[in-house]
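Trainee: Here's a structure for you.
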2 protein chains.
Amino acid sequence: MSLTPATQQGRATKERIVRGAAALIAERGAAATSLDDVLAATGASKSQLYHYFEDKHGLVEAVVDHQCAAVLGLQAHALASVSSWEDLERWAGMMVAIVEDHGARGGCPIGTLAAALSDTDERLRTSLAEAFRAWSDAIRGALMRLQANGLIAGRADIESLTTFTLSAIQGGLLLAKTSRDAGQLRIALDGAILQLRANAAGRP
Amino acid sequence: MSLTPATQQGRATKERIVRGAAALIAERGAAATSLDDVLAATGASKSQLYHYFEDKHGLVEAVVDHQCAAVLGLQAHALASVSSWEDLERWAGMMVAIVEDHGARGGCPIGTLAAALSDTDERLRTSLAEAFRAWSDAIRGALMRLQANGLIAGRADIESLTTFTLSAIQGGLLLAKTSRDAGQLRIALDGAILQLRANAAGRP
DNA sequence: GCCGGACTGGACTGTCAAGTCCAACCAGCG
DNA sequence: CGCTGGTTGGACTTGACAGTCCAGTCCGGC
């Protein structure tokens with residue numbers, strides 16, 4: 001259980017620690033990130049860290065929540081404006097561009113955390129599972145909008161298509177990061193979109 | 001660079017250490033596995049470990065190679081016997097069954113290692129990327145067999161379908177492990193197969 | 001001004017894990 | 001038998017890291 005800061009200053013400090021820790025953990029993993037590393041990177045002191053977080057585990061929890069919120073914020077926003085095939089292509093292009101900009105390193109922060117922490121900590125696993133569920137919700141929303149616009153057939157199994165799309169995203173990100181080639185993500189997303197289009201409503 | 005044992009006894013010892021370490025690392029991750037844990041689990045001593053491996057990093061390399069070989073052996077074998085849609089369905093069923101048997105924990109050993117180590121160590125990243133490439137080869141082989149049997153159209157883009165299939169596998173495994181629900185893998189694989197069937201050769 | 005609580009700096013401690021070292025052990029072989 | 005080289009047991013050293021503690025500082029309210 002982490003303490004909620006009472007002052008503006010305290011909030012800033014806690015925020016700074018979480019952001020710094022999130023950056024370090026994203027690039028080297030939670031286990032390989034020491035508290036001293038976080039302290040050095042953020043210019044905070046031991047007592048500040050332990051003032052706001054129970055222990056290292058508490059910090060990691062905060063980082064997980066932070067990353068989930070960040071990724072979901074971006075995805076929910078981007079997917080919320082999808083209501084045509086062109087929009088969907090644009091969204092896919094954005095995903096690939098982001099990965100390319102990072103030199104195809106890191107992949108999806110949530111995916112990486114999920115792979116590493118799901119088997120280690122039950123509480124974190126459920127947080128991550130929840131994040132994937134929320135991401136699914138955003139995708140489902142977009143698909144239903146396409147359906148409402150008559151682009152996807154009414155009888156299509158939206159639920160399965162949603163899960164399938166998310167798995168293509170995650171798998172594509174993992175392959176891209178491992179092979180350092182954003183093209184793998186491109187192929188995975190194109191494949192997923194092709195699948196969606198296969199469910200296109202027939203001409204009226 | 002790890003030393004190759006000169007005697008039968010030495011070979012057995014090294015093998016025992018790698019297998020034990022692989023099991024521990026698969027369930028808790030490389031960073032969370034101490035050498036003492038490995039020693040305790042295998043009944044080996046410090047000097048044995050350092051006799052056969054340079055250091056911990058060397059052991060992890062050996063474990064990565066071992067896991068890649070194990071998974072690929074299984075996959076290459078299972079995919080080599082695929083030459084009809086029924087075979088492919090059977091293969092998918094096997095994958096889901098394996099995951100279910102493990103209580104949807106752990107996911108793909110290669111995928112988990114890739115997520116954790118790709119950003120940490122370049123040598124390991126290339127090993128993992130190589131493993132994915134070999135896995136792709138096995139998938140491509142199966143698809144080309146389907147194509148040769150007239151089940152997939154000659155003009156289909158086998159290369160993209162291969163990458164797409166692998167990304168569905170990995171994404172499905174990650175979602176399954178995070179949500180502790182093998183059904184997510186089932187959906188991902190069904191989706192991939194549906195996509196392949198969409199490329200079915202037209203009736204002659 | 002001054003009191004109390006939120007916040008901060010940083011020294012300190014205990015634990016644990018990586019890696020070293022050496023004294024053995026156990027073949028096979030001359 | 002005694003030597004040699006591969007192998008083994010386990011104590012020991014060293015360093016890093018999580019977590020503790022206390023002496024403060026800062027700031028709003030009275």
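Just so it is clear, none of the values below were taken in a lab; they were calculated from the coordinates. Just so we're clear, the structure is a prediction, and the values are computed from it rather than from any experiment. Cβ coordinates were reconstructed from backbone atoms using ideal geometry, including for glycine residues, and neighbour counts include every protein chain displayed.
Trainee: Name the residues whose placed amide hydrogens come within less than 5 Å of the amide hydrogen of A:Ile152, ignoring near sequence neighbours (fewer than 5 apart) on the same chain.
Mentor: Amide H neighbours of A:Ile152, under 5 Å, 5+ apart: A:Gln147, A:Ala201.
Trainee: Over the Cα atoms of chain A, what Rg and Dmax result, in angstrom?
Mentor: In Å, with Rg to one decimal and Dmax whole: 19.2, 67.
Trainee: Next up: Copy-to-copy spacing for A:Asp37, label 7 Å out on the Cα-to-C-beta vector, in nm, shortest first?
Mentor: Nearest to farthest, the other copies are at 1.7 nm.
Trainee: Let me ask something else. What shape does the range B:14-128 have by the C-alpha gyration tensor, where a ≥ b ≥ c are the square roots of the eigenvalues, rounded means a/c under 1.5, and otherwise prolate means a/b greater than b/c and oblate the rest? It would help to have the intermediate numbers written out before the result.
Mentor: Details: a/c = 2.24, a/b = 2.01, b/c = 1.12.
Verdict is prolate for the range B:14-128.
Trainee: Determine the sum of side-chain charges near B:Asp121: Lys and Arg each +1, Asp and Glu each -1, restricted to other residues whose C-beta is under 15 angstrom from that of B:Asp121.
Mentor: Result for the local shell: -1.
Trainee: So how far apart, in nm, are the two label points at A:Ala200 and A:Leu3 if each is 7 Å from Cα heading toward Cβ?
Mentor: 6.0 nm
Trainee: Using only Cα atoms, find the angle between the long axis of helix A:183-198 and the longest principal axis of chain A, and express it within 0 to 90 degrees, rounded to the nearest 10.
Mentor: Computed tilt is about 40 degrees.
Trainee: Same structure again: Which whole-Hz couplings ³J(HN,Hα) result when phi for each residue of the range A:20-36 is put into the Karplus expression 6.51 cos²θ - 1.76 cosθ + 1.60, θ = phi - 60°, listed in order with x for Gly and Pro?
Mentor: x, 4, 4, 5, 5, 5, 5, 9, 10, x, 5, 5, 8, 9, 8, 5, 4
Trainee: Taking the alpha-carbon centroid of each part, what is the distance from the range A:169-203 to the range A:1-79 in angstrom?
Mentor: Answer, in whole Å: 32.
Trainee: Give me the percent relative contact order of chain B, please, defined on Cα pairs under 8 angstrom at least 6 residues apart. Working shown, then result.
Mentor: Values: 205 pairs, mean separation 41.6, N = 204.
So the answer I get is 20 percent.
Trainee: Apply the Karplus parameterisation 6.51 cos²θ - 1.76 cosθ + 1.60, with θ equal to phi minus 60°, to every residue of the range A:67-84 and state each ³J(HN,Hα) to the nearest whole Hz, in sequence, with x for glycine and proline.
Mentor: 5, 4, 4, 5, 5, 5, x, 4, 5, 4, 5, 5, 6, 5, 9, 8, 9, 8
Trainee: Any idea how far apart B:Arg133 and A:Asp37 come out in nm if each label point goes 7 Å out from Cα toward Cβ?
Mentor: 2.9 nm
Trainee: For the range A:120-135, in order, what is each residue's ³J(HN,Hα) by Karplus, 6.51 cos²θ - 1.76 cosθ + 1.60 with θ = phi - 60°, in whole Hz (x at glycine and Pro)?
Mentor: Whole-Hz 3J(HN,Hα) from phi for the range A:120-135: 9, 9, 5, 4, 5, 4, 5, 4, 5, 4, 4, 4, 5, 5, 5, 5.
Trainee: With r as the distance between the Cβ atoms of B:Glu100 and A:Ser47 and R0 = 41 Å, compute the FRET efficiency 1/(1 + (r/R0)^6) and round to 0.05.
Mentor: It comes out at approximately 0.30.
Trainee: Given label points at 7 Å from Cα along Cα→Cβ, what nm distances, shortest first, separate A:Thr126 from the same residue in every other copy?
Mentor: A:Thr126 label point versus its equivalents elsewhere: 4.4 nm.
Trainee: When a/c reaches 1.5 or more, the comparison of a/b and b/c decides; with that in mind, is the protein assembly as shown rounded, prolate or oblate per its Cα gyration tensor?
Mentor: Numbers: a/c = 2.27, a/b = 1.16, b/c = 1.96.
Here the protein assembly as shown falls in the oblate category.
Trainee: Run through the other copies and list how far each one's label point is from that of B:Ala153, in nm with one decimal, shortest first; the point sits 7 Å from Cα along Cα-Cβ.
Mentor: Nearest to farthest, the other copies are at 1.7 nm.
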